[in-house]
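Please treat every number below as a calculation from the coordinates, not as lab data. These numbers were taken from a predicted model, which means no experiment stands behind them. No Cβ is skipped: glycine too gets one built from the backbone with ideal geometry, and neighbour counts run over all protein chains shown.
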Amino acid sequence: MDKIQITLLSIILGLFSIIVVYYIQNFELKSTKKNTFLIIGCNNSGKTLLFNKLTQKPITSTVSSLEANYGTIHLPLSQASIGKPFQLIDYPGYLKYENVFRSLVSEINLKGVIFVVDSEISSFNKQINLICVKLFRMLTITESVPNGVDYLMAVNKTDLFNSLPISKIKSSLEAEMNKVIESELKNNEDDLTFWLDYMPFSFERTNGNIEFKTGSVLKDKYSDWTNWLDERVVNP
Ligand SMILES: Nc1nc2c(ncn2[C@@H]2O[C@H](COP(=O)(O)OP(=O)(O)OP(=O)(O)O)[C@@H](O)[C@H]2O)c(=O)[nH]1
Ligand SMILES: [Mg+2]
């Protein structure tokens, strides 16, 4: 073999090993990403209680979560014994979530988001801006996926006498989303201009499907939410 042949052979072998390493890495990444449903929302909305009930963890009096809880559910829940395993993550409400969140979402195969909202009037009025900021940041990530990701807006604590009706919650959130989008577009340096296509904001405009359903985790009345989970698996 002359020098040219040796050089050519080394280049071909080099390229071949790069391709092999690339495929192995990609295969590993794909195969280790777990199919996941994420529970998010503001402080004290009922996320951990819902997580504990869905994963059949013992129900103790909950304290404000300091870190995410990871568990497994078998879907469809209506036939859990023959269901497939899905990861369920309960993400704490108060954490500085942005960067952590983006990297968390990149490590999982996100099948849907359950956004728990406290419908008690004073909590809702206090949290409305934060709910929309969280929603904006989360949608900025998930709307970039083809067809988006589906959301369940789980309107919780409807057992309380001063719980707001779902129509009021939805319309108030839509109005607040418009304000949040405008202010985020002004203040943020990232390219968020795609949000202009969503204005005026309505929950029907997103690529992912966003559904509002009421429930009460405390009173075990959240079958609309478990049906929503089952539908994601039966008609993905
Ligand atoms: N009345 C009523 N209270 C509820 C309901 N669901 C949850 N709670 C109560 O709300 C409080 C907060 O519940 P958690 O599940 O800890 O709330 P969280 O969303 O995990 O809160 P963070 O971890 O701080 O983000 C607890 O005292 C629950 O018992 C409900 O449907 N009705
Ligand atoms: Mg919690």
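Odds and ends about this structure:
- Net +/- balance of residues flanking Glu211 in space, Cβ distance below 13 Å, scoring K and R +1, D and E -1: -1
- Note, ³J(HN,Hα) from phi for the range 37-45, Karplus 6.51, -1.76, 1.60, rounded to Hz, x at Gly and Pro: 10, 10, 9, 10, x, 6, 3, 6, 7
- Helices that extend 18 Å or more along their long axis by alpha-carbon positions and average at least -1.0 on the Kyte-Doolittle scale are, among the DSSP H runs of the chain, 3-32, 121-142, 166-187.
- Neighbours of Asp159, meaning other residues whose beta-carbon lies under 9 angstrom from its beta-carbon, give a summed charge of +3 when Lys and Arg score +1 and Asp and Glu score -1.
- Mean projection area, nm², convex hull over Cα of the chain: 17.9 nm²
- Net charge over other residues, Cβ less than 13 angstrom from the Cβ of Phe37 (K, R count +1; D, E count -1): +1
- Backbone amide hydrogens, once placed in the peptide plane, bring Ile114 within less than 5 Å of Leu38, Ile39, Ile40, Leu152, excluding anything fewer than 5 places away on its chain.
- The alpha-carbon of Lys213 sits under 25 angstrom from the alpha-carbons of these lysines, leaving out residues fewer than 8 places away in its chain: Lys47, Lys53, Lys57, Lys84, Lys111, Lys126, Lys134, Lys157, Lys168, Lys170, Lys179, Lys221.
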